[in-house]
Amino acid sequence: MTVQNGAAAPEGGKARRIYLLLRDEILGGTHAPGEALPGELRLAESHGVSRVTIRRALDALVGDGLVERRAGSGTVVRQPSSTPVQLKADFATLMPQLERMAAETTARLLSFAYVSPPQQVGKALNLGPDEKVQRAVRLRRAHDKAFSHLTTYVPERIAESYSEADLASTPLFRLLERKGVRVDHARQTVSAVLATPETAEPLETTVGAALISLTRVVYDASGDGIEYLYALYRPDRFQLEMLLNRVGGNDDRHWAPVLSETTQ
């Protein structure tokens, strides 16, 4: 059994798979607080595994505090001790919302170093073969709960204007503004990944848990790369959404993003 920040992830592929499936169902609301999960035999039959495997997965959920065993009732979903923090960002107005998020949450700098960029980072930032980047890893929290793990790469010619102490106390976009960098546009993609041992522990989740991944590359007016961001978010504590309007004439009706900021 692997223990991380009080959460126990069962060893073995089958037990971990069942654990993650049940955990996601509970966090996603499929099983309401006070509801009994199907019995061990039924779960074993539906997932094609042994009862021992199911028992190990349920033990891990008990360790997480998500369920409890009650005599005569089986395994019951627990009532959350408090409402979990959940932040939202609208894609159409993501940049200004990120500024507000920086003011309303806290960040802890985990690492700071000058390195040769990974190939995909150097290509995205339009860097020469010998150029280095400043790589920083930060953990962002809201209401004392971790929700994002951020890895940023900034070209050395820009990053030399701020120190490790600066980045530990000031949002990166403020430091870039201080340098005189003018953001022109950005490109970003969103996907999903599984938490690794390196990211699961700081995000207070388990290895193999689903995470939202966001990659954003920011450019100035000349097309030079300013920042490469690789962000991981806990989906139970952070959401990305986009508002759409139905626009166009009868023969050209289509969905278009709403470009005004929403009130959360």
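The values are calculated or read from the model by the stated rules, or taken from the named source; none is laboratory data. This one's a predicted model, so the numbers in the text were calculated from it and none came from an experiment. Glycine gets a Cβ as well: all are built from the backbone with ideal geometry, and neighbour counts include every protein chain shown.
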Just a yes or no: is a residue in segment 46-61 hydrophobic (A, V, I, L, M, F, W, C), surrounded by fewer than 18 Cβ atoms within 10 Å (Cβ to Cβ) and modelled with pLDDT under 90?
-> no
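Out of the residues in segment 217-249 that are touching a Ser or Thr at 6+ places or on another chain (Cβ under 8 Å) and outside any loop (DSSP other than H, G, I, E, B), which is nearest to Glu177 (Cα to Cα)?
Pass one, segment 217-249, residues touching a Ser or Thr at 6+ places or on another chain (Cβ under 8 Å): 227-234, 238, 243.
Remaining after also requiring outside any loop (DSSP other than H, G, I, E, B): 227-233, 238.
Working: Glu227: 12, Tyr228: 16, Leu229: 17, Tyr230: 20, Ala231: 21, Leu232: 24, Tyr233: 25, Phe238: 26 Å.
Filtering first and then ranking leaves Glu227.
Within segment 146-163, does at least one residue satisfy the condition of being within 19 Å of Asp236 (Cα to Cα) and without any contact (Cβ under 8 Å) to a residue 60 or more places away in the chain? Can you show your working first?
Our first condition is that a residue be within 19 Å of Asp236 (Cα to Cα); within segment 146-163, this holds for 146-150.
This time we only want the ones that are without any contact (Cβ under 8 Å) to a residue 60 or more places away in the chain, so: none.
No, there is no match, as no residue in segment 146-163 is within 19 Å of Asp236 (Cα to Cα) and without any contact (Cβ under 8 Å) to a residue 60 or more places away in the chain.
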Considering (1) over 30 Å from Lys123 (Cβ atoms); (2) modelled with pLDDT under 70, say which one Asp236 fails and leave the rest.
-> (2)
A careful count of residues in segment 164-182 that are part of a loop (DSSP other than H, G, I, E, B), surrounded by fewer than 16 Cβ atoms within 10 Å (Cβ to Cβ) and in contact (Cβ under 8 Å) with a residue 12 or more places away in the chain gives 1
Over segment 132-163, the set of residues surrounded by 18 or more Cβ atoms within 10 Å (Cβ to Cβ), among the small types (Gly, Ala, Ser) and under 24 Å from the mean Cα position of the chain (by Cα) is Ala136, Ala146, Ser148
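Give me a count of the residues in segment 191-201 that are assigned to a loop (DSSP other than H, G, I, E, B) and buried (at least 20 other Cβ atoms within 10 Å of the Cβ).
Going residue by residue through segment 191-201, those that are assigned to a loop (DSSP other than H, G, I, E, B) are 195-196, 201.
Checking the rest, the ones that are also buried (at least 20 other Cβ atoms within 10 Å of the Cβ) come to 195.
So the answer is 1.
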